[in-house]
Amino acid sequence: MVDIHSHILHGMDDGAKTLEISVAMLEMAAADGITDIVASPHANNDYTFDPDLIEARIRELAAALTVPIRIHRGCDFHLTFDNIEDALRRPDRYTINHRRYLLVEFSDLLIPKTSGEVFERMLAAGIVPVVTHPERNALLRRKWETLENWADAGCLMQVTAGALLGRWGRSAQEFAEKLMDANLAHVIASDAHDAEHRPPVLTPAYERVAKKWGQSRAEALFGANPAAILAGQPLPQPAPEPAQRKWYRFW
Ligand SMILES: [Fe+2]
């Protein structure tokens, strides 16, 4: 499995607090069957995004590891004005593995009206936004049509593994299931922050997806799709459009 969203680097944001915790998280991830993990520190008004420091922390962490797992670069990107302009100028500072996909996290307080335009500018510049955990954002949960429009435009949706298991509450779980039912969940990730409460573990969610939506969906959402994102390739199995969505569009 490939985990494209995690806060495993210590002292960068609200993720791992120490190198020891980072190591413990990666040992858990490797034991869980994760071969590749993206370190995606926040870039927002609270946390400065420092690519040189991230590289140094990844090297330090890789050197401390005794388990087989590859660490890749990423960013939990917030749509601030400065971030947007910088990402359009230098996308590979922020994109996953320096390729084309960009994790985009929304604030719980405001979904800017200009978000769709920003996504259009990004897509035109070759950046594919991956909206992180819409199921955990109460404002996004009320914007189903907006999420559909973003997906139709070419954006992807990342659901949190724990949300599918009810660890983020009933509303988040129901919305995650709705995204799954509508083929609007393109990838599932841990968004791990520590080794206890929010660990980098995907297998229980994988099993839940395999049971409820089938083995091939699970393999796509935990394996093939995040692997393609890591490689900067188009998703191998684009989610088929439910007939209902198309039908509504003509009325
Ligand atoms: Fe995150």
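The values are calculated or read from the model by the stated rules, or taken from the named source; none is laboratory data. Keep in mind it's a predicted model, so treat the numbers as computed, not measured. As a convention, Cβ positions derive from the backbone with ideal geometry for all residues, glycine included, and neighbour counts pool all protein chains shown. When the accessible area is computed, the model is the full protein with side chains, heavy atoms only, and any ligands, DNA or RNA have been set aside. Shrake-Rupley method; radii C 1.70, N 1.55, O 1.52, S 1.80 Å.
Figures for the structure shown
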quantity: Long-range amide H partners of Met157 with built H, under 5 Å; calculated: Val131, His186, Val187
quantity: Rough spin-label spacing in nm, given labels placed 7 Å along Cα→Cβ, for Lys113 and Gln233; calculated: 4.2 nm
quantity: Cβ-Cβ FRET estimate between Glu27 and Thr48, R0 fixed at 35 Å, reported to 0.05; calculated: 0.80
quantity: Exceeding the 24 Å Cα-Cα cut-off - candidates Lys17/Lys211; Lys17/Lys143; Lys178/Lys212; calculated: Lys17/Lys211; Lys17/Lys143
quantity: Accessible surface of Val23 - all protein chains present, 1.4 Å probe, nearest 10 Å²; calculated: 30 Å²
quantity: Ranking by accessible area, most exposed first, for Trp168, Trp144 with a 1.4 Å probe; calculated: Trp168, Trp144
quantity: Amide H contacts under 5 Å for His78, placed H, 5+ residues apart; calculated: Ala43, Glu105
quantity: Other-chain or far-sequence residues with amide H under 5 Å of His72's (modelled H); calculated: Ile37, Val38, Ala39
quantity: GNM top mover of Leu156, Leu79, Leu139 - the chain, alpha-carbon springs below 10 Å; calculated: Leu139
quantity: Residue with peak Gaussian network fluctuation, the chain [Cα springs, cutoff 10 Å], from Pro134, Pro41, Pro204; calculated: Pro204
quantity: All-pairs alpha carbon distance profile, segment 2-249, 10 Å steps from 0, percent; calculated: 8, 34, 39, 17, 2, 0
quantity: Packing rank of 95-102, 220-227, where each peptide gets the mean count of other beta carbons within 10 Å, highest leading; calculated: 220-227, 95-102
quantity: Segment 123-231 - charge dipole about Cα centre, Lys and Arg +1 at Cβ, Asp and Glu -1, debye rounded to 20; calculated: 240 debye
